[in-house]
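Visitor: I'd like to ask some things about the structure below.
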Amino acid sequence: MLLLRCPLLLLLLPLSSRPQKLPTRDEELFQMQIRDKAFFHDSSVIPDGAEISSYLFRDTPKRYFFVVEEDNTPLAVTVTPCDAPLEWKLSVQELPEEASGEGSGEPEPLEQQKQQITNEEGTELFSYKGNDVEYFVSSSSPSGLYQLDLLSTEKDTHFKVYATTTPESDQPYPELPYDPRIDVTSLGRTTVTLAWKPSPTASLLKQPIRYCIVINKEHNFKSLCAVEAKLSSDDAFMMAPKPGLDFSPFDFAHFGFPSENNSGKERGFLKSSSKFGRQTSSKPRVDLHKVCIGNKNIFTVSDLKPDTQYYFDMFAVNTNTNMSTAYVGTFARTKEEAKQKTVELKDGKVTDVFIKRKGAKFLRFAPVSSHQKVTFSVHSCLDAVQIQVRRDGKLLLSQNVEGVRQFQLRGKAKAKYLIRLKGSKKGASMLKILATTRPNKQSFPSLPEDTRIKAFDKLRTCSSVTVAWLGTQERNKFCIYKREVDDSYNEEQKKREQNQCLGPDTRKKSDKVLCKYFHSQNIQKAVTTETIRGLQPGKSYLLDVYVIGHGGHSVKYQSKLVKTRKFC
């Protein structure tokens with residue numbers, strides 16, 4: 001495959017008396033060209049098997065070309081948005097004729113070939129809109145002139161593009177392990193220890209991999225490109241810790257993280273310097289930090305702020321290609337100071353709670369006014385958690401909670417409630433809790449007792465499946481999403497992805513099937529069915545149903561794995 005700008009293509013066309021043909025890839029020349037970065041800088045040439053970086057001005061489209069000369073050629077194109085969503089489209093049109101219509105063998109004029117390339121309407125193969133790393137893959141692509149159009153409507157932005165005609169052998173992006181999550185193995189007031197499974201690219205293929213951790217207080221990131229776009233040039237890279245020294249990747253006091261002991265002394269392995277310690281800067285500092293730690297798969301982040309929620313992302317970087325893949329990010333709240341043993345709950349406000357493995361968390365609810373009843377709503381994101389509620393020292397409730405549960409207790413004037421949440425023995429727990437004295441203040445949607453999705457085997461076809469799920473007497477919005485998975489996808493993998501607190505906003509727009517409102521006053525008839533169409537024969541799909549309450553909080557039903565018929 002040769003990737004080229006249209007004017008460059010016209011210059012490369014041989015001006016001879018023989019029939020004209022677009023040149024094929026010269027491997028020696030290609031290797032020389034990709035080493036020369038200036039060859040592809042700010043052009044519309046996409047080299048075969050190399051990633052390019054470029055820039056988009058808002059509302060100004062950009063177009064790239066490449067040629068596939070032979071039919072049945074494998075093709076993979078990956079587009080990585082950096083700091084803004086992108087709209088992009090891949091299309092193909094036939095190559096220009098090699099000879100004139102009379103079959104004389106005479107070459108067509110250059111201008112006529114240009115018209116053939118630029119004026120013909122191409123066939124759209126794929127389009128996408130969003131900020132996910134998205135890709136087009138085909139095991140058998142037709143020959144033709146391929147055209148990649150990109151547009152940013154939100155703001156000026158960076159992006160990356162990678163294309164190859166040998167996707168099976170190239171594999172420039174590190175492969176994720178079967179469990180791509182980051183585990184929080186230890187949680188302190190100022191430290192968080194993270195662990196993750198190594199990339200098979202390193203453990204099995206023995207390719208050089210380094211891991212880079214990103215820490216911030218706002219949200220998780222979907223690509224390393226997005227991280228580096230956010231960072232200022234001064235803060236873009238951090239040094240790896242030296243062996244034998246405590247992990248303390250950076251002095252947070254110099255990056256907007258206040259410290260109680262900021263006396264200018266050496267801390268951890270990174271010394272304060274004029275570069276990191278200056279008091280003024282031309283740019284505002286962002287609370288976002290990146291540190292690359294080599295090939296270790298455990299790391300302790302130090303000098304964090306107590307009782308603060310942080311988001312952690314991990315990226316595996318292939319040092320041969322400098323291309324990266326994102327693990328599934330996580331978040332954690334550091335422990336409170338020793339004197340603060342409980343978290344205060346505010347009436348009607350949802351609070352996020354993180355509990356380490358086998359750990360416990362104490363919360364306190366003190367209504368400011370007299371009340372007849374108090375309601376506790378708990379949404380356990382992962383495994384079951386235990387909740388105990390005491391009123392003025394007396395035990396009122398002790399239950400295990402999976403999914404969403406609501407408990408209504410009798411109130412008492414000037415009462416104070418102490419809530420103890422105990423985590424799972426299997427791993428860290430995440431949950432959301434709401435306490436209120438107002439019965440109509442319900443942020444969590446009501447759920448049926450059974451949150452399974454039922455698939456009707458007899459209604460399966462080669463291109464559709466029919467499913468049903470239960471609703472309630474309360475009118476809620478339901479959204480159903482689908483995702484194609486490999487045939488090797490099993491129940492164990494599905495269980496690892498069952499974070500019920502991740503809502504539809506974390507899904508790709510292309511996964512969405514539909515949204516609808518549904519309820520029934522007769523609870524026996526509160527069931528709805530949907531047929532999902534447009535599926536591929538013999539393929540497996542993971543289906544998710546989200547119910548969204550009036551407060552905007554969403555809860556995911558149990559995922560359902562379905563497979564279309566191979567022959568109809």
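Visitor: Just checking, which of 461, 451, 436 is under 26 Å from residue 344 (Cβ atoms) and out of contact with any Leu (no Cβ under 7 Å at 6 or more places or on another chain)? First the steps, then the outcome.
Guide: Details: 461 fails: under 26 Å from residue 344 (Cβ atoms); 451 fails: under 26 Å from residue 344 (Cβ atoms).
Matching residue, one of 461, 451, 436: 436.
Visitor: Just to be sure, is residue 426 within 27 Å of the chain's Cα centre (by Cα), under 29 Å from residue 354 (Cβ atoms) and assigned to a loop (DSSP other than H, G, I, E, B)? Break it down into steps so the answer makes sense when it comes.
Guide: Working: within 27 Å of the chain's Cα centre (by Cα): yes; under 29 Å from residue 354 (Cβ atoms): yes; assigned to a loop (DSSP other than H, G, I, E, B): yes.
Against the criterion (within 27 Å of the chain's Cα centre (by Cα), under 29 Å from residue 354 (Cβ atoms) and assigned to a loop (DSSP other than H, G, I, E, B)), residue 426 qualifies.
Visitor: Within region 157-170, count every residue that is small (Gly, Ala, Ser), open to solvent by less than 50 Å² (accessible area, probe 1.4 Å) and not in a strand (DSSP E or B).
Guide: Total meeting the criteria: 0.
Visitor: Within 20 Å of residue 292 (Cβ to Cβ), modelled with pLDDT of 90 or more and among the aliphatic types (A, V, I, L, M) - does that describe any residue in region 174-181?
Guide: Yes.
Visitor: Say whether the condition of being among the hydroxyl-bearing types (Ser, Thr, Tyr), modelled with pLDDT under 90 and over 17 Å from residue 483 (Cα atoms) is met by at least one residue in region 550-558.
Guide: Yes, because at least one residue in region 550-558 is among the hydroxyl-bearing types (Ser, Thr, Tyr), modelled with pLDDT under 90 and over 17 Å from residue 483 (Cα atoms).
Visitor: Could you identify the single residue in 458, 432 that is within 30 Å of residue 536 (Cα to Cα) and outside any loop (DSSP other than H, G, I, E, B)?
Guide: Details: 432 fails: within 30 Å of residue 536 (Cα to Cα).
Answer to the selection: 458.
Visitor: So, one more: For residue 535, are the conditions met, namely being under 30 Å from residue 350 (Cα atoms) and crowded, with 18+ Cβ neighbours inside 10 Å?
Guide: The answer is no for residue 535.
Visitor: Taking only region 171-199 into account, find how many residues are touching a Phe, Trp or Tyr at 6+ places or on another chain (Cβ under 9 Å) and not in a loop (DSSP other than H, G, I, E, B).
Guide: So the answer is 8.
Visitor: Please state which one of 460, 405 is within 33 Å of the chain's Cα centre (by Cα), under 30 Å from residue 568 (Cβ atoms) and in contact (Cβ under 8 Å) with a residue 12 or more places away in the chain.
Guide: Numbers: 405 fails: under 30 Å from residue 568 (Cβ atoms).
Sole residue among the options that is within 33 Å of the chain's Cα centre (by Cα), under 30 Å from residue 568 (Cβ atoms) and in contact (Cβ under 8 Å) with a residue 12 or more places away in the chain: 460.
Visitor: Out of region 376-410, which residues are touching a Leu at 6+ places or on another chain (Cβ under 6 Å), hydrophobic (A, V, I, L, M, F, W, C) and surrounded by fewer than 17 Cβ atoms within 10 Å (Cβ to Cβ)?
Guide: Matches in region 376-410: 396, 407, 409.
Visitor: Give the residue that is surrounded by the most Cβ atoms within 10 Å (Cβ to Cβ), with candidates limited to residues of region 139-156 that are small (Gly, Ala, Ser) and within 16 Å of residue 46 (Cβ to Cβ). Before the answer, list the steps.
Guide: Of all residues in region 139-156, those small (Gly, Ala, Ser) come to 139-141, 143-144, 152.
Subsequent filtering for residues that are within 16 Å of residue 46 (Cβ to Cβ) retains 141, 144.
Details: 141: 22, 144: 19.
Result: 141.
Visitor: Are any residues in region 435-455 part of a loop (DSSP other than H, G, I, E, B), among the charged types (D, E, K, R) and closer than 29 Å to residue 563 by Cβ, and if so, which ones? Working first, answer last.
Guide: From region 435-455, those part of a loop (DSSP other than H, G, I, E, B) are 437-453; that's our starting set.
Now drop any that are not among the charged types (D, E, K, R), which leaves 438, 441, 449-450, 452.
Listed by number, the residues that qualify are 449, 450, 452.
Visitor: Further, regarding this structure: Are any residues in region 293-343 open to solvent by less than 40 Å² (accessible area, probe 1.4 Å) and either free of Cβ contacts under 8 Å to residues at least 40 places away in the same chain or not in a strand (DSSP E or B) (or both), and if so, which ones? Outline the logic, then answer.
Guide: Step one: of region 293-343, the residues open to solvent by less than 40 Å² (accessible area, probe 1.4 Å) are 293-294, 299-302, 304, 306, 308-310, 312-318, 323-327, 329-330, 332, 334, 336, 343.
Hits for region 293-343 are 293, 294, 302, 304, 306, 308, 327, 329, 334, 336, 343.
Visitor: Output the number of the condition that residue 96 fails; it satisfies all remaining conditions of (1) at pLDDT below 80; (2) under 28 Å from residue 196 (Cα atoms); (3) crowded, with 19+ Cβ neighbours inside 10 Å.
Guide: It is condition (2) that residue 96 fails.
Visitor: Identify all residues within region 487-497 that are modelled with pLDDT under 75 and either surrounded by 15 or more Cβ atoms within 10 Å (Cβ to Cβ) or small (Gly, Ala, Ser) (or both); write none if there are none.
Guide: Result: 493, 494, 497.
Visitor: Mind counting the residues in region 418-432 that are open to solvent by less than 20 Å² (accessible area, probe 1.4 Å) and either among the polar types (S, T, N, Q) or more than 19 Å from residue 380 (Cβ to Cβ) (or both)?
Guide: Total meeting the criteria: 2.
The values are calculated or read from the model by the stated rules, or taken from the named source; none is laboratory data. All of these numbers come straight from a predicted model, not from anything done at the bench. Reconstructed Cβ throughout: ideal geometry from the backbone, glycine too, with neighbour counts over all protein chains shown. SASA here: full protein model, heavy atoms, side chains in, ligands and nucleic acids out. Shrake-Rupley method; radii C 1.70, N 1.55, O 1.52, S 1.80 Å.
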